[in-house]
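The values are calculated or read from the model by the stated rules, or taken from the named source; none is laboratory data. Since this is a predicted model, take the numbers as computed values, not measurements. Backbone-built Cβ (ideal geometry, glycine too); neighbour counts: all protein chains shown.
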Amino acid sequence: MLKRVRSKSESRIDSRRKLSSSSSTMTDLNAHSGDRKRVCAFTIEACQILNELRKNNLLCDAIILTKEYIEYPVHRFILAAVSPYFRMAFTSENRYLQIDIECDTLELLLDYAYTRKCILTLDNIIKLIDAAKLCQMTSLFHYCCEYLIFNLHDENVFHLYNFAKINSDIKLFNATYQYIMYHFINMTKTSKTFVELSIEQLIEFITNDDLNVRNEENLFDACIKWIDYNIEQRKSFIVQLIRNLRLGLISSSIFINKIKQHSYIRNNNECKPIIGETFRLLYKLDNDGLIDNDINCSCIRPRHPHEMIFAFGGWSGGNATNMLEAYDVRADKWTIISTDQGIHLIPNQFNKLYSKVSPRAYHGCITIADKMYIIGGFDGTEYFSSCRTFHLIDRVWNDIAPMNERRCYISIAYLNGFLYAMGGFNGRVRQNTAEKYLSETNQWSAICPMHVQRSDASACTLNDRIYICGGFDGQECLQTAEYYNPITNQWTMIQPMRSRRSGVGVIAYHGSIYAIGGFNGTSRLSTGERYNPIMNTWRTITDMFHPRSNFAIEVLDDLIFTIGGFNGLTTISNVECFDDTTDEWYDIADMNLFRSALSACVITGLTFTKIFLCSNEISKIQNHTTTSSIPSITLTSLNNIFNN
């Protein structure tokens, strides 16, 4: 029987077919699993095996000798791959390398070289950074810096800030910079290292626009504390310090009674011109107010805020609006923000194409990570179940999955990774249903319904519970309140409020629940009350200046803000804030638009506030330069900081 023999070309074709079939099978498997790229599952295990081979001196072809003359067998090709220092040392015929590193530190370094991880502690981190720099292991150096970022505190952050500058580690620098800018005032009161700053560093910080200073008087007190640490050597610096303070932001009474009369200033003749110039400026501001040109004056220029309020949508002039305004708490100013820079819709069955952001009123608004969520609402015609997000960095709008119910006059809250939507009005009935949204799955799911039908209510979170208060059930304004426990998926009624409140503002503040304003069925309210969750009791607080319902409420800069609303006659643009330490309300700058039925959220982070409020300035976080001298930071000094 004749046997057909395959030619070489046929064999190659068949091999290609098998390979193609195998590749196709793998592609099908990848498509089935949803992965476009597959990472070999044995990678981590292989690294661990290689490290075990090193520790057991198997297949090793080189020796590293420590400063204690202890030998460590290694694999040359692995070390050569992680460091140009080792590559240079082992590419020749040389099999031995003596290195000035202690045994414990070298073991950690080798663990990282083989497995890309090692055990870091505050006791070994400095020696390991020293070893990483010696061996030119840049990835290990950054690995150590990331560990330092997670261990920042008031006593080490100034030293690590200088260390990051010297070593050009941008991540550590950004982390320390933002920490100092945000916590500086608190650190001046508690940190022992604050008084050890040089005059150049102190001036660098107090002149920085990014410094989070609610009251410039606190910065003056910090400068005095710095001088008091070494009076004889430092009291002459008072001239440089007050010249760089923003004295124009301090009230005239405090300037005259406290700053002008301080002995360091009163007894220094070089301070007199500065004091006289500041006094004339404050007199001008008290009589003529602030004008645009004054903003360019360094002693009166507001600093950048680290958080801001976004107020979106609402009802104005008989129509819904899509206006977005941002409030700068340092400049006491509202800025209109453009939201039409980009519309991007995720492909799905519920997309609609908008030429611009659609107007909404009686909706919910909340910030989660780097996105602002707009939930439900009403545009004068349609009751919405749809939801959208606004990406804070890209300024791009996206549609997300709609709720299971149409909801205007909605109440929303965020707790433990879930966004909750409760109650509302669907165009027919007031609802007691509630649902939650998980962004990872882009899905809404129902939760236990409330005990009471509620539209025009308001909700907040406190102690891992969601509290919802007041509202309207279709018949009467409500004074009832209840909370939701996500662990048991149950609602529990609490003590009713002292007043009926529909269109109420509810917020958590200093461990209590505040219910403010609203409509009691007869008139709009300026009253407010505070709930103690431990005692299950309500107590009244000081009245607002202006009655209002259907307004926005948020906490910013440790103050409660009530924004816009309806006063019984007209929509208003008025905004006021409450400080529980003084139990007083304060009028602040009005919004640009009269509106009610708006919603607000807080945007936190210097990066975001600069994008929206200071977009024309170069970010100091990304491009920070300084002319001040930097004290020498050694690894030994850092080690002392950690040990202390």
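Looking only at region 531-544, residues that are surrounded by 13 or more Cβ atoms within 10 Å (Cβ to Cβ), farther than 22 Å from C477 by Cβ and either of a type in the set (F, W, Y) or without any contact (Cβ under 8 Å) to a residue 60 or more places away in the chain (or both) come to 2 in all. Within region 265-285, can one find any residue that is under 29 Å from C614 (Cα atoms) and among the polar types (S, T, N, Q)? Within region 265-285, one or more residues are under 29 Å from C614 (Cα atoms) and among the polar types (S, T, N, Q). When Y147 is tested against (1) modelled with pLDDT under 95; (2) part of a helix (DSSP H, G or I); (3) farther than 30 Å from N269 by Cβ, just one condition goes unmet, and that condition is (1).
Candidates in region 468-482 are the residues that are touching a residue at least 40 places away in the same chain (Cβ under 8 Å) and surrounded by fewer than 21 Cβ atoms within 10 Å (Cβ to Cβ); of these, the one that is nearest to K436 (Cα to Cα) is D473. The combined condition, being assigned to a loop (DSSP other than H, G, I, E, B) and either surrounded by 15 or more Cβ atoms within 10 Å (Cβ to Cβ) or in contact (Cβ under 8 Å) with a residue 40 or more places away in the chain (or both), is not fulfilled by L569. If you check Y420, Y354 for being at pLDDT below 95 and either among the aromatic types (F, W, Y) or within 27 Å of W491 (Cβ to Cβ) (or both), only one passes: Y354.
Can you confirm whether region 449-456 contains a residue that is crowded, with 17+ Cβ neighbours inside 10 Å, more than 22 Å from S385 (Cα to Cα) and modelled with pLDDT of 95 or more? Within region 449-456 (the criterion being crowded, with 17+ Cβ neighbours inside 10 Å, more than 22 Å from S385 (Cα to Cα) and modelled with pLDDT of 95 or more), the answer is no, since none of the residues qualifies. Considering (1) of a type in the set (A, V, I, L, M, F, W, C); (2) surrounded by 14 or more Cβ atoms within 10 Å (Cβ to Cβ); (3) modelled with pLDDT under 95, the lone condition that I618 does not fulfil carries the number (2).
Kindly evaluate D130 against the criterion of being assigned to a loop (DSSP other than H, G, I, E, B) and buried (at least 17 other Cβ atoms within 10 Å of the Cβ). Here the answer is no, as D130 does not meet what is asked. Report yes if L392 is of a type outside the set (V, I, T), surrounded by fewer than 24 Cβ atoms within 10 Å (Cβ to Cβ), within 20 Å of A459 (Cβ to Cβ) and in the same structural domain as G505 (by TED's automatic domain parsing), otherwise no. In short, no. Considering region 360-378, and only residues there that are assigned to a loop (DSSP other than H, G, I, E, B) and at pLDDT 95 or above, the residue that is farthest from F425 (Cα to Cα) turns out to be R360. Screening region 101-127 for residues that are touching a Lys or Arg at 6+ places or on another chain (Cβ under 7 Å) and β-branched (V, I, T) and picking the one that is surrounded by the fewest Cβ atoms within 10 Å (Cβ to Cβ) gives T105.
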